[in-house]
Amino acid sequence: MNLSGSVVAMKTERPSFDPHWRKKFKAQILSAEEAVARIRPGQRVFVGTGCGEPLLLVRALAKRATELPDTEIVHLLTFGEAPYAHREMTQYFRVNSFFIAENVRHIIQEGLGDYTPIHLSDIPRLFESGQLPLDVALIQITPPDGDGLCSLGVSVDIVKKAAENASLVIAQVNPNMPRTLGNSFIHAYDVDILVPGDEPILEVQPPEIDDVTRQIAENLASLIEDGSTLEVGIGRIPQALLSFLRDKKDLGLHTEMITDGVMDLIEAGVITGARKTLDRGKVVASFCLGTRKLYDYIHNNPVFSFQPTEYVNNPSIITQQHKMVAINTALEIDLTGQVCADSLGSKFFSGVGGQVDFNRGAAKAPGGKAIIALPSTAQGGKVSRIVTRLSPGAGVVTTRAGVQYVVTEHGVAYLHGKSVQERALALISVAHPNFREQLLREAIEAKYLSAEMADVEGKIHVGPKELRTTYLLSDGTLINFRPIHPTDMPRMRDLFYKLSEATMYYRFMSRQKFVSRRQIKEFVYIDHRNDVTIVGTLPEAYGEEIIAIGSYYLDPKTNLAEVAFVVADAWQNHGIGTFLLQHLMRIARRNGIRGFTAEVLAENKAMQAVIGKSNTKVRSRLENHVISYEMLFE
């Protein structure tokens, strides 16, 4: 099913709202000033979310400040004016925010307002149970249609539950609000006061994308398979990802928020929702932050199903989506995997939001992935966001046990099911190179890593993505070749223990029964220029299995590199060795190396055949049952 086709075929023009709605609901209509006059001192007032903030009502409320001492303002996040959050207003209004936006951050960080950390999926229950009773809800809606139904438009999220549970509901009725479909309607008779207010809906322009964000987005895109259903969280990084998904097929969306970027992907046939387990063919969201173009696009568009938070953020719903991918951001992460996403040290910055809801749901979904993305540094590169210990006062939003993938501009670290030592190495490898040595020393001091790891200081490098390639076997098996990674030590150990005695003898020219940890470290901790190691891998449920490894080691005096490789016994005689040698030769040529050398046992006929097909100028000599080869590149 192609959503872009659905848009063209099924979207209707803006409905003609009941032209007599003002007459029909005359008894409920008041001006903004008359409406907020019903609010009494000491009450708790909910304000609608994001771009659905009812600005007309908020401004009228602020004008009554001196008459409303001890009034609590509750909201999720708002993007418009927040006159109630000005310093001089704090003697009348007390802000209590579930998610901290820029317009209230200053007073909360100064202790003049409150922040309530809570999973987004739990907020509706606060209202419904009476744990956080609402006296007043200020919301924004479309004019009633012929049946008296009003759409909540761009913000359904927790607004619907707030409107259902507040003692007094005051709605700004705005003809500019798009009429979104789904579980997004409220009847005009369920609103106590209707305030006509014709003004533009708040807009949020797409963020500017820098090179770091672009690289993070590209790394994220590599983790997304065709047919995945995505949650794209708030922030610059998740939104940048959308531009890297054009080569994907049949993606779906089940997400809190949508932005302008989804329009192009729908029109390009990338987002179809055809493989979603639930709400197939629908884009499910609870609010949107975008421009007028997006608002016109979602208006009365049956492709979009706007649902309240209790559905969108429900982990039991999320986990039913096949290949559910949750993408959220962080401010800081420590080497054990603890994620801080709502504070800078003890200064509250944003909120818990839906990160845990979606992480838990995606992690348990069939083929699901829970991803945390962040730049490797902050403050213009002066500080690392990957740290040995979180900053004092930093709050843990996602625990170390709940983390799967961590993505920076330097790569992807997979932490799920990994030991603390494996986690530390994985995170150090995706930290900024300027901080890797410091992080390694601190990890050893913290006993996250053993003291023997000290000798790899300055050697934690991640190979360039340009060295990646693939090889398709005649039986259709696709083998991925990539640079070896600092976290590959366990996989390397598994490979060597699976090798037969003969294969071990041919590779190491000795009758050794095992490969030592020190030998494996020599394969793994390399500079990817003078020393290069490429591994051939197959995907497995637990990650990857290494089935082949090839390396070269440069002698700078001769500008020749010694080459060696080995293929797991079960995968020999498939041309993998020949392909691996050719790939290593391409890398060496690119690095200005003039040729390879190799030492091969006289009885190792298979390796001799591979070298014979190298298309190089080969010289050889036999001495003590060992053939010494020199392969000069043309």
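Key figures for this structure:
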{"item": "Check on T291, surrounded by fewer than 24 Cβ atoms within 10 Å (Cβ to Cβ) and not charged (D, E, K, R)", "result": "yes"}
{"item": "Among the residues listed as A60, A85, the single one being more than 26 Å from M257 (Cα to Cα) and small (G, A, S)", "result": "A60"}
{"item": "Pair list, Cβ under 9 Å, 6 or more apart: region 591-617 residue touching a residue at least 12 places away in the same chain (Cβ under 8 Å), other residue part of a loop (DSSP other than H, G, I, E, B) and among the acidic types (D, E)", "result": "N615/E634; T616/E634; K617/E634"}
{"item": "Filter result (modelled with pLDDT of 95 or more, aliphatic (A, V, I, L, M) and farther than 23 Å from G80 by Cβ) within region 178-216", "result": "L181, A188, V212, I216"}
{"item": "Region 482-503, subset in contact (Cβ under 8 Å) with a residue 24 or more places away in the chain and among the acidic types (D, E), residue surrounded by the fewest Cβ atoms within 10 Å (Cβ to Cβ)", "result": "D494"}
{"item": "Selected residue (only one of T336, T377 is of a type in the set (S, T, Y), surrounded by fewer than 22 Cβ atoms within 10 Å (Cβ to Cβ) and in contact with a strand residue (DSSP E or B) (Cβ under 7 Å, 6 or more places away or on another chain))", "result": "T377"}
{"item": "Any hit, region 200-208, residues being closer than 30 Å to I29 by Cα, among the β-branched types (V, I, T), in contact (Cβ under 8 Å) with a residue 40 or more places away in the chain and in contact with a Pro (Cβ under 8 Å, 6 or more places away or on another chain)", "result": "yes"}
{"item": "Which numbered condition D279 fails, given (1) out of contact with any helix residue (DSSP H, G or I) (no Cβ under 8 Å at 6 or more places or on another chain); (2) under 30 Å from A413 (Cα atoms); (3) without any contact (Cβ under 8 Å) to a residue 60 or more places away in the chain", "result": "(2)"}
{"item": "Yes/no for A548 being in contact with a helix residue (DSSP H, G or I) (Cβ under 8 Å, 6 or more places away or on another chain), farther than 21 Å from E630 by Cα and touching a residue at least 24 places away in the same chain (Cβ under 8 Å)", "result": "yes"}
{"item": "Residue check, P83 in contact with a Lys or Arg (Cβ under 9 Å, 6 or more places away or on another chain) and either outside the structural domain of S167 (by TED's automatic domain parsing) or under 23 Å from E203 (Cβ atoms) (or both)", "result": "yes"}
{"item": "Breaking point among (1) closer than 25 Å to N301 by Cα; (2) touching a residue at least 60 places away in the same chain (Cβ under 8 Å), for F185", "result": "(2)"}
{"item": "Number of positions in region 143-180 that are under 33 Å from the mean Cα position of the chain (by Cα) and polar (S, T, N, Q)", "result": "4"}
{"item": "Of all residues in region 403-443 being among the polar types (S, T, N, Q) and in contact with a Gly (Cβ under 8 Å, 6 or more places away or on another chain), the one that is modelled with the highest pLDDT", "result": "N434"}
{"item": "Members of region 98-121 that are under 14 Å from V352 (Cα atoms) and either among the β-branched types (V, I, T) or in contact with a Leu (Cβ under 7 Å, 6 or more places away or on another chain) (or both)", "result": "F98, F99, I100, A101, T116, I118"}
{"item": "Qualifying positions in region 549-564 - touching a strand residue (DSSP E or B) at 6+ places or on another chain (Cβ under 6 Å), of a type outside the set (G, A, S) and more than 12 Å from S614 (Cβ to Cβ)", "result": "I549, Y552, Y553, L554, L560, E562"}
{"item": "Helices (runs of 4 or more DSSP H) wholly inside region 462-579 containing at least 1 residues that are closer than 29 Å to Q215 by Cα", "result": "489-498, 517-524"}
{"item": "Qualifying positions in region 282-296 - more than 15 Å from S228 (Cβ to Cβ) and in contact with a helix residue (DSSP H, G or I) (Cβ under 9 Å, 6 or more places away or on another chain)", "result": "K282, A285, S286, F287, C288, G290, K293, L294"}
{"item": "Some residue of region 296-309 being assigned to a helix (DSSP H, G or I), surrounded by fewer than 24 Cβ atoms within 10 Å (Cβ to Cβ) and not assigned by TED's automatic domain parsing to the domain that holds S155", "result": "yes"}
{"item": "Any chance V204 is buried (at least 19 other Cβ atoms within 10 Å of the Cβ) and among the aliphatic types (A, V, I, L, M)", "result": "no"}
{"item": "Residue satisfying all of: in region 220-242; of a type in the set (S, T, N, Q) and either at pLDDT 95 or above or surrounded by 22 or more Cβ atoms within 10 Å (Cβ to Cβ) (or both); nearest to L253 (Cα to Cα) among these", "result": "T229"}
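Residue-by-condition table, conditions (1) touching a Lys or Arg at 6+ places or on another chain (Cβ under 8 Å); (2) surrounded by fewer than 24 Cβ atoms within 10 Å (Cβ to Cβ); (3) β-branched (V, I, T); (4) assigned by TED's automatic domain parsing to the domain that holds L76:
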site	(1), (2), (3), (4)
P143	no, yes, no, yes
D147	no, yes, no, yes
C150	no, no, no, yes
K161	no, yes, no, yes
E164	no, yes, no, yes
V169	no, yes, yes, yes
P175	no, yes, no, yes
T180	no, no, yes, yes
Y189	no, yes, no, yes
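Per-residue answers, yes or no, for (1) of a type outside the set (A, V, I, L, M); (2) assigned by TED's automatic domain parsing to the domain that holds G290; (3) touching a Gly at 6+ places or on another chain (Cβ under 9 Å):
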site: I39; (1), (2), (3): no, no, no
site: E53; (1), (2), (3): yes, no, yes
site: L61; (1), (2), (3): no, no, no
site: H75; (1), (2), (3): yes, no, yes
site: R94; (1), (2), (3): yes, no, yes
site: N103; (1), (2), (3): yes, no, yes
site: G113; (1), (2), (3): yes, no, no
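So that you can scan it fast, the table gives a plain yes or no per residue for (1) of a type in the set (A, V, I, L, M); (2) within 23 Å of I479 (Cβ to Cβ); (3) surrounded by fewer than 18 Cβ atoms within 10 Å (Cβ to Cβ):
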| site | (1), (2), (3) |
| --- | --- |
| T533 | no, yes, no |
| K557 | no, no, yes |
| G575 | no, yes, yes |
| A588 | yes, yes, no |
| A602 | yes, no, yes |
| M631 | yes, no, no |
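The values are calculated or read from the model by the stated rules, or taken from the named source; none is laboratory data. From a predicted model like this one, the values you see are computed outputs, not experimental measurements. Please note: Cβ atoms are built from the backbone with ideal geometry, for glycine as well, and neighbour counts cover all protein chains shown.
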